[in-house]
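See structure below.
No lab work stands behind these numbers, since they all come straight from the coordinates. If you're wondering where the values come from, they're calculated on a predicted model, not measured in any experiment. Don't worry about glycine lacking a Cβ; one is built from the backbone with ideal geometry, like all the others, and counts go over all protein chains shown.
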2 protein chains.
Amino acid sequence: MNVGASSTRTQSVHLFPIPAHACRVAHLPSTKFDRWALARIQRTVVSAPIRFELWDGFALDSGAGPRVGTIRFRNRRTLLGWVWDPDLNFGEAYMSGAVETSGDLVSILEAIYHALESSKPRAWWLWQPSNNGHAAKHNVHHHYDLGNDFYRLWLDREMVYTCAYFPTPDATLEDAQVAKMALACRKLRLKPGDRVIEAGCGWGSFALFMARHYGVSVRAFNISSEQIAYARSRAKVEGLTDRIEFVEDDYRNIRGTCDAFVSVGMLEHVGAPDFPTFGRVIDRSLSENGRGLLHFIGRNQPAPLNPWIRKRIFPGAYPPTLREVFEHVLEPHAFSVLDVENLRLHYAKTLAHWRQRFSRSAPLVSEMFDETFVRAWELYLAGSEAAFGTGSMQLFQVLFARGASNAVPWTRVTG
Amino acid sequence: MNVGASSTRTQSVHLFPIPAHACRVAHLPSTKFDRWALARIQRTVVSAPIRFELWDGFALDSGAGPRVGTIRFRNRRTLLGWVWDPDLNFGEAYMSGAVETSGDLVSILEAIYHALESSKPRAWWLWQPSNNGHAAKHNVHHHYDLGNDFYRLWLDREMVYTCAYFPTPDATLEDAQVAKMALACRKLRLKPGDRVIEAGCGWGSFALFMARHYGVSVRAFNISSEQIAYARSRAKVEGLTDRIEFVEDDYRNIRGTCDAFVSVGMLEHVGAPDFPTFGRVIDRSLSENGRGLLHFIGRNQPAPLNPWIRKRIFPGAYPPTLREVFEHVLEPHAFSVLDVENLRLHYAKTLAHWRQRFSRSAPLVSEMFDETFVRAWELYLAGSEAAFGTGSMQLFQVLFARGASNAVPWTRVTG
């Protein structure tokens, strides 16, 4: 680890500038107050088998059973920052290197998630500002315009940046992403000539897949310029430009009618205040016998996204419960829910693949950005894997149709 | 048709006594006022291709396309009753014979459902009284204690009185009920030794099926004395008394822990005000890695059950939306929804089978009760078939587990 050293590399992009003193190791021994602060932190996750340690070696052990790892604070500032706002400052401190961990990071985070499990549901999203067109553009740019070269380092061949579907747990990531797209198409019963609208199309892999394998025509929307440019060039190379239109625009500007409305990995970026708008967009788009598929990160109870993830990784994001989606997106338009599948363990596995690939590419990522960025992304990927692995986050696929449509499948499909 | 004549049969049971004058044919020609009332009725379902006719032959035609049937009013009292409260009094008038129909009853009702589709969602259930233990007992007795001999006339061999699962549309009802039970067991991943709690067990078919084919032990609850007696005698005959306990008690009194909590066709009788109680019962029953399955009649938007059905057929019943079930039953306990399937077309088909069998047994049913009862049940079965067939009602199967449990299926099953 070489935090801060990257500031001498002129070619790298510093997205998360960290002052040099932030991760300096304190040279004074810990005081009674420091030990009180450490005990306070330890008590919040008292059932997690983790050692908490100060810069001078003073340590407290939590939980029962074999210890999964150690969390070490390098200085008092970091210690107090964590006491003050643990949800935000764990990430900040980890990213800067002011907190160090030993042991498997995912296991440490899983232990923390399990220990924190008992929080009560609240209407968190009421506090969230609406992601209007401008904010949405800013939020998406923050994450998805980090550069196609960056994502190419660790995503699959098709550049699919959403939960894969592993027919068996040992399937490859490449196969699992193809299986996910095929499963979604089969759920939607796509047939040649169908008109598909895709809200949030990433690098275009799913739109290309649908057009290529199911003979449908697709209008795919995205506000990330980098992703749209990539998707358009792929459509050209594959000779699919007559069947796919990649539109650089906000989902609110979707017009026209479709036989299938799909949105994979976008609803969690819409934000709860804009769910009614999203519902109206679907309602005005879907034909009488159309089918819709929403694939999104969700929760079992309403809770805000971790504030560090929201600050550093996904500004404006909110993973909703099924109830919130049904209440604000589907029920107002009397859509009929045909089929829901929860793929959270598939997302934990997808993230494990990404994390492994990311880790192999870390030296290159550090060259592109810096070490702080690498640590931030390691934490984001490990934290997400732990969240899906412990049930703190869910991945829902919801298939629906208009209430009065009888053009619905007689039996459902499985992967 | 011989309405009222059955009042001379002393052996029959008159559940719905109808005064003789209710269905008398008016001998005076219709007035301007009668024709105004008929036009008013016709306008509420103006798009339905139905003829509305008065006792003297005056008729109004609605809708476009081929006419599906005629509704004929025998007297002014019936006509005005319909204007006053169509939801209740269509049923009352049909049952008594004061309204006659020609053409297929299901098609007529489907046309009406389609024409009425545009009503807005409201929090109807706020007006509904809670089904406390006493009310629940009364409500259940009203319907389920009509006599096992009655239900044996037209249900399948296993006496399953809930939506079947037809692997193909032409499967027999007998096969489809077995397929439904097998599908539910496979969704629940039952294995030998599992402890199952069943809330609302009907005549015990599913409890017997689970114990027989999956080697589980079952505690099955029901407050219908007739059903419990029948179920117990079947368990004795099949030598399954060591593995099944049929408990004549309310779901609120369920105690003990289980690996699988199942409820097939009961939630719609619980009533929305008691959903939180039902959620607490599940929460205190389900083991750490347990699975739950709720199979229930629902809606796409909140709406009350038709008042005639509630008065004559299912007092206290309320078919909820998925959102209402998630909000009041599952979300408060952080249950994780794994899988939802909508089987409404399977219920339309189940009802078509029941209706056909019921119709064949109508003379016997008329002997047991009277002609009014036969007409009431014909309307209930036809109305239900039309409701599921047009998407006015849904049939949901919801599979769930505790949020932190990873003992969840990797892939889902299909029928």
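In whole Å, how far is the Cα centre of the range B:237-306 from that of the range A:247-291?
The range B:237-306 and the range A:247-291 have Cα centres separated by 36 Å.
What's the extension gain from B:Arg280 to B:His141 if we count 0.36 nm per residue and subtract their Cα-Cα distance?
The span from B:Arg280 to B:His141 would gain 47.5 nm if fully extended.
In square nanometres, what is the average projected area of the Cα convex hull of chain A?
Projected area, direction-averaged: 20.6 nm².
Straight-line reach from A:Lys180: which aspartates and glutamates have a Cα under 17 Å away, not including same-chain ones fewer than 8 places off?
Candidates past the 8-residue exclusion: A:Asp156, A:Glu158, A:Asp170, A:Glu198, A:Asp339, A:Glu341, B:Asp339.
In degrees between 0 and 90, to the nearest 10, how far off the longest principal axis of chain B does helix B:225-237 point, with axes built from Cα atoms?
50 degrees
Compute the distance in nm between two label points, each set 7 Å from the Cα along the Cα-to-Cβ direction, one at A:Arg189 and one at A:Arg24.
6.8 nm
List the residues whose amide H sits under 5 Å from the amide H of A:Leu338, counting only those 5 or more places along or on another chain, with H placed 1.01 Å from N in the peptide plane.
Amide H to amide H, under 5 Å and 5 or more residues apart or across chains, A:Leu338 pairs with A:Leu399, A:Phe400, A:Ala401.
Helix A:344-368 versus the longest principal axis of chain A: what angle, 0 to 90°, nearest 10, using Cα atoms?
70 degrees
5 Å is the cut-off here: which amide hydrogens, built 1.01 Å from N in the peptide plane, fall below it relative to B:Arg412, excluding neighbours closer than 5 in sequence?
Long-range HN contacts for B:Arg412: A:Gly415.
Hey, what number do you get for the protein assembly as shown at 222 nm if only DSSP H runs of n ≥ 4 count, each worth -39500 (n - 2.57), divided across all residues, to the nearest 500?
After summing the helix terms and dividing by the residues of the protein assembly as shown, the value is -12000 deg cm²/dmol.
Please report the antiparallel percentage of the DSSP beta bridges confined to the range B:133-402, to the nearest 5.
Restricted to the range B:133-402, the bridges split so that about 45 percent are antiparallel.
How far apart, in nanometres, would the label points at B:Leu116 and A:His14 be if each is projected 7 angstrom from Cα along the Cα-to-Cβ direction?
Between B:Leu116 and A:His14, the label points sit 7.0 nm apart.
What number, in percent, do you get for the relative contact order of the range B:20-115 if the mean sequence gap of Cα pairs under 8 Å and at least 6 apart is divided by its residue count?
It comes to 31 percent, rounded to a whole number.
Per the Kirkwood formula on distinct C-alpha pairs, the Rh of the range B:211-333 is how many angstrom?
15.8 Å
Shortest first, in nm, what separates the label point of B:Asn132 from those of the same position in the other copies (7 Å along Cα→Cβ)?
Copy-to-copy label distances at B:Asn132, shortest first: 5.3 nm.
Across peptide B:401-413, how many C-beta atoms of other chains are within 10 Å of each residue C-beta, on average?
Per residue, the average neighbour count from other chains is 5.
Can you list the distances in nanometres, one decimal and ascending, from the A:Ser359 label point to the identical position in each other copy, with the point 7 Å along Cα to Cβ?
Here A:Ser359 shows inter-copy label distances of 6.7 nm.
Mind putting a number on the dipole of the protein assembly as shown about its Cα centre? Charges go on the C-beta only, +1 for Lys and Arg and -1 for Asp and Glu, and I need it in Debye to the nearest 20.
About 460 debye.
Using the Karplus curve 6.51 cos²θ - 1.76 cosθ + 1.60 with θ = phi - 60°, what ³J(HN,Hα) values do you get for each residue of the range B:132-147, in whole Hz, with x for Gly and Pro?
Here the 3J(HN,Hα) series is 5, x, 5, 4, 4, 4, 4, 4, 5, 4, 3, 9, 7, 9, 6, x Hz.
Multiplying the sequence separation of B:Glu248 and B:Ala407 by 0.36 nm and subtracting their Cα-Cα distance, what value in nm do you get?
Extra length available between B:Glu248 and B:Ala407 comes to 54.1 nm.
Express as a percent, rounded to the nearest 5, the fraction of DSSP beta bridges in the protein assembly as shown (both residues included) that run antiparallel.
Of all bridge pairs located within the protein assembly as shown, approximately 50 percent are antiparallel.
Would you mind classifying the range A:20-115 by shape? Square roots of the alpha carbon gyration tensor eigenvalues, ordered a ≥ b ≥ c; an a/c under 1.5 is rounded, otherwise it is prolate if a/b is larger than b/c and oblate if not.
Prolate, because a/c is 1.5 or more and a/b exceeds b/c.
How well do other chains shield peptide B:336-347, expressed as the mean number of their Cβ atoms within 10 Å of each residue Cβ?
6
When only Cα pairs under 8 Å and 6 or more residues apart are kept, what is the percent relative contact order across chain B?
Answer for chain B is 20 percent.
For the protein assembly as shown, just say rounded, prolate or oblate: build the C-alpha gyration tensor, square-root its eigenvalues into a ≥ b ≥ c, call rounded for a/c under 1.5, and beyond that prolate if a/b exceeds b/c, oblate if not.
In terms of gyration-tensor shape, prolate.
In nm, one decimal, shortest first: how far is the label point of B:Gly147 (7 Å from Cα along Cα to beta carbon) from the matching points in the other copies?
Distances to the matching label points in the other copies: 8.3 nm.
HN-Hα J couplings of the range A:191-197 from phi, Karplus 6.51/-1.76/1.60, θ = phi - 60°, integer Hz, Gly and Pro as x?
9, x, x, 4, 9, 10, 10
Find the centroid of the Cα atoms in the range B:57-96 and in the range A:318-344, then give the distance between the two in whole Å.
Answer, in whole Å: 38.
Taking the alpha-carbon distance from A:Lys311 and a cut-off under 26 Å, which lysines remain once sequence neighbours fewer than 8 residues away in the same chain are dropped?
Of all the lysines, those that pass the test against A:Lys311 - Cα under 26 Å, at least 8 places apart if same chain - are A:Lys120, A:Lys137, A:Lys349.
I need the phi-derived Karplus couplings for the range B:218-224: 6.51 cos²θ - 1.76 cosθ + 1.60, θ = phi - 60°, integer Hz, Gly and Pro marked x.
My calculation for the range B:218-224 gives 10, 10, 10, 10, 6, 9, 8 Hz in order.
Could you pull out every residue, at least 5 positions away or on a different chain, whose amide H is within less than 5 Å of the one on B:Gly298? Hs are placed 1.01 Å off N in the peptide plane, and Pro or chain starts have none.
Close amide H contacts, sequence-distant or interchain: B:Gln394, B:Leu395, B:Phe396.
With a ≥ b ≥ c the root eigenvalues of the C-alpha gyration tensor of the range A:207-252, is it rounded (a/c under 1.5), prolate (a/b larger than b/c) or oblate?
oblate
Considering only the other residues whose Cβ falls under 10 Å of the Cβ of A:Val216, what net charge follows from Lys and Arg at +1 and Asp and Glu at -1?
My count for the surroundings of A:Val216 gives +2.
Run the reach check for A:Lys191 against aspartates and glutamates, Cα to Cα strictly under 15 Å, same-chain hits fewer than 8 apart removed. What comes back?
Output for A:Lys191: A:Asp259.
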